Amino acid sequence: MELQFSQVTKSFGDLNVIKQFDTTIRNGEIVALVGPSGCGKSTLLHMLAGLQQPTSGTLTAGGASVAKPSPERTLVFQEHALYPWMTLLDNVALALEFQDKPRKTSLAEARKWLSRVKLEGFEDYYPHQVSGGMRQRCALARAFIARPKVLLLDEPFGALDALTRMTLQSVLKDLIEEERPTVVLVTHDVDEALYLADRVMVFSQRPATVLREVELGHIPKTHDLTAFADVRLEVLHLLGIDTDEHTPADSQGETA
Amino acid sequence: MNNSQTTGVASKRAYVAAIAIILFFWQVAAWFLPDFLMPDVPVALQRLWEELNSGEFYEGLGNSMSRLGIGYGAALFFGIILGLVGGTLDMVRSTLKAAIIILQSIPSIAWVPLFLILMGFGNMPIIVVVAIGAFFPTALSVMNATESVEKVHISAARVMGASKMQMLKRVYFPAVTPELITGAQLAFGNAWRALISAEMIVGFSAGLGKSLAYSGEIADMTGVMTNILVIAILAAVIDQVILERIKHRLLRYQYL
Ligand SMILES: Nc1ncnc2c1ncn2[C@@H]1O[C@H](COP(=O)(O)OP(=O)(O)OP(=O)(O)O)[C@@H](O)[C@H]1O
Ligand SMILES: [Mg+2]
């Protein structure tokens, strides 16, 4: 589903968060948004999800104006979005029950999706009884079960340790390749953006403008990102991170 | 969790110790005071046993319990509805809350003359006074909890396409249940006090409060102490056994 921003502006009172933003996200494209904290990335996603409306400008999904949330465009949150009072199975099934599917088929479908994210055997666990990584697997199952045309991810793995994060990035990549939704991923992790995305957009401080857009192309990738070393350094540099390897502070950090 | 079980045993022990101490002080008072002012504990227990084998006692008990059941039940029902609706309506919430806090500070028994005149001598004024006592803490706790339902839980449901009704049933209601139960236990204390005092004042047909007031009128101190004993035991059983059970059942996910 094609997503189109034209002259989208968003402000909260006096605070201009997004200013005349234009871009088109092609059907099936995977776009990563990176940028400093507070620049408005989540706000962009919330507008795409229909949770918030632009102050001015238009935002369309598949040609139709985005006025309210729809299961066609689903959003995965950083954490704590599973319902603590429901088992993992009920959490996933809920996405279908909210679409008035019968409970029995919802549960059967939910079982299938939990096993697709390697959570079989944990159906009857409550979220607080499983690890953070398992919770996000469950969150992915809950997002994919509705077969969304657009998948919006807001730092989905931001709260996980590096190793778990990489495993989940692979899980997500496989799911995206099988289901082929249009994806908008917000992340602080440049490697995650390079690994998953076809295109990376780097945002400036508020009001957010695009500093740089990098086309990576839809090519098969592994976690070995050496081929993208130049892009990686450039993006890190744009985010204001010191990429000079020979600073004294850096070498001190290594001996310590 | 093992923890909750050990604390359960510990709190049972504390209860047994507390009961022993209370009975001990009663007995000490009975030693110092003449029998017609304060009966010995065994004498009161003997009377309690006789009461338990008489039909009259059960008539009073039945009347009191149905007044409590109807009044408390209605208060929970309407309190939950008002709490949920008030908690979601930003416009009226603070006014509503202020109104509840003001009305709550009026002792429920103060309403008796009004409702006696309004509704006439009978069961109704007692039931209404019980309901008033239980309504405010229920509504207030549900309203406060509704207000602080996690935003991400609401956004997630909207994204999954929940209708208003589904949102209320599957998100708001379970989210407020922990606070609702605390409020309901507080409300029970109020309802119980309101019931006994209203029965003492109104004195319509048999009931625990009426029986207590009558024993007082004929200066039957054994009767007074027996009635107080019954009132105390019933309150403890309802609160500590029935309500605690319901709480553990509804919040099962928290105790795993
Ligand atoms: N509902 C709101 N009301 C008022 N201000 C808001 C609201 N939502 C966001 N903002 C403000 O808009 C700005 C952008 O917020 P947003 O959450 O989109 O940033 P972000 O890029 O996602 O940041 P982070 O990377 O830290 O998640 C922030 O300054 C924030 O305070
Ligand atoms: Mg954000």
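The values are calculated or read from the model by the stated rules, or taken from the named source; none is laboratory data. Because the structure is predicted, anything quoted here is derived from the model rather than measured. All Cβ positions, glycine included, derive from the backbone under ideal geometry; neighbour counts span all protein chains shown. The accessibility values were calculated without ligands, DNA or RNA, using every heavy atom of the protein model including side chains. Shrake-Rupley method; radii C 1.70, N 1.55, O 1.52, S 1.80 Å.
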Out of the residues in the range A:22-73 meeting the condition of being hydrophobic (A, V, I, L, M, F, W, C) and in a loop (DSSP other than H, G, I, E, B), tell me which one is nearest to ligand 1 (Cβ to nearest atom). A:C39
Working carefully through the options A:Q7, A:Q20, A:Q78, find the one that is touching a residue at least 24 places away in the same chain (Cβ under 8 Å), among the polar types (S, T, N, Q), within 16 Å of ligand 2 (Cβ to nearest atom) and touching a strand residue (DSSP E or B) at 6+ places or on another chain (Cβ under 9 Å). A:Q78
Evaluation of A:E109 against (1) outside any loop (DSSP other than H, G, I, E, B); (2) open to solvent by less than 10 Å² (accessible area, probe 1.4 Å) (one fails), failing number: (2)
Any residue in the range B:117-129 that is on the phi > 0 side of the Ramachandran plot sitting within a Cβ distance under 7 Å of a residue that is crowded, with 18+ Cβ neighbours inside 10 Å? List the pairs, counting only those 6 or more apart or interchain. B:G122/B:F204
Testing A:R26 on (1) closer than 17 Å to A:R212 by Cβ; (2) more than 16 Å from ligand 2 (Cβ to nearest atom), one condition comes back false. Which one is that? (1)
For the range B:48-93, name all the residues that are among the polar types (S, T, N, Q) and at pLDDT 90 or above. B:N53, B:N63, B:S64, B:S66
Scan (1) assigned to a helix (DSSP H, G or I); (2) within 14 Å of another protein chain (Cβ to nearest Cβ); (3) open to solvent by 20 Å² or more (accessible area, probe 1.4 Å) for the single condition B:T182 breaks and write down its number. (2)
Criterion first (in contact (Cβ under 8 Å) with a residue 24 or more places away in the chain and out of contact with any Phe, Trp or Tyr (no Cβ under 7 Å at 6 or more places or on another chain)) does B:V237 satisfy it? no
So if I check each of A:R142, A:R206, A:R116, A:R135, which one is more than 24 Å from A:D230 (Cα to Cα), open to solvent by 10 Å² or more (accessible area, probe 1.4 Å), in contact (Cβ under 8 Å) with a residue 40 or more places away in the chain and in contact with a Cys (Cβ under 9 Å, 6 or more places away or on another chain)? A:R206
Within the range A:77-92, does at least one residue satisfy the condition of being facing another protein chain (nearest Cβ under 9 Å), outside any loop (DSSP other than H, G, I, E, B) and open to solvent by 10 Å² or more (accessible area, probe 1.4 Å)? no
Which residues, counting only those in the range B:179-195, are under 18 Å from B:S66 (Cβ atoms) and either hydroxyl-bearing (S, T, Y) or over 8 Å from the mean Cα position of the chain (by Cα) (or both)? B:A194, B:L195
Find all pairs meeting these conditions: Cβ atoms under 7 angstrom apart; at least six residues apart or on different chains; first residue within the range A:25-38 and at positive phi; second residue more than 16 Å from ligand 2 (Cβ to nearest atom) and assigned to a strand (DSSP E or B). A:G28/A:T182
Out of (1) free of Cβ contacts under 8 Å to residues at least 24 places away in the same chain; (2) more than 30 Å from A:L51 (Cβ to Cβ), what's the single condition that is false for B:V152? (2)
Given the condition within 16 Å of ligand 1 (Cβ to nearest atom), farther than 30 Å from A:A110 by Cβ and not β-branched (V, I, T), answer yes or no: does some residue in the range A:211-222 qualify? yes
Scan the range B:234-247 for residues that are touching a helix residue (DSSP H, G or I) at 6+ places or on another chain (Cβ under 9 Å) and more than 14 Å from chain A (Cβ to nearest Cβ) and jot them down. B:L234, B:A235, B:A236, B:I238, B:D239, B:Q240, B:L243, B:E244, B:I246
Being away from ligand 2 (no atom under 16 Å from the Cβ), within 28 Å of A:G38 (Cβ to Cβ) and open to solvent by less than 10 Å² (accessible area, probe 1.4 Å) narrows A:L225, A:L194, A:L185 down to just A:L194
Have a look at A:R142, A:R147, A:R137 and point out the one that is more than 16 Å from ligand 1 (Cβ to nearest atom) and under 27 Å from B:L250 (Cβ atoms). A:R142
Scanning for something within 14 Å of another protein chain (Cβ to nearest Cβ), within 16 Å of ligand 2 (Cβ to nearest atom), open to solvent by less than 40 Å² (accessible area, probe 1.4 Å) and at pLDDT 90 or above, does the range A:51-69 turn up at least one residue? yes
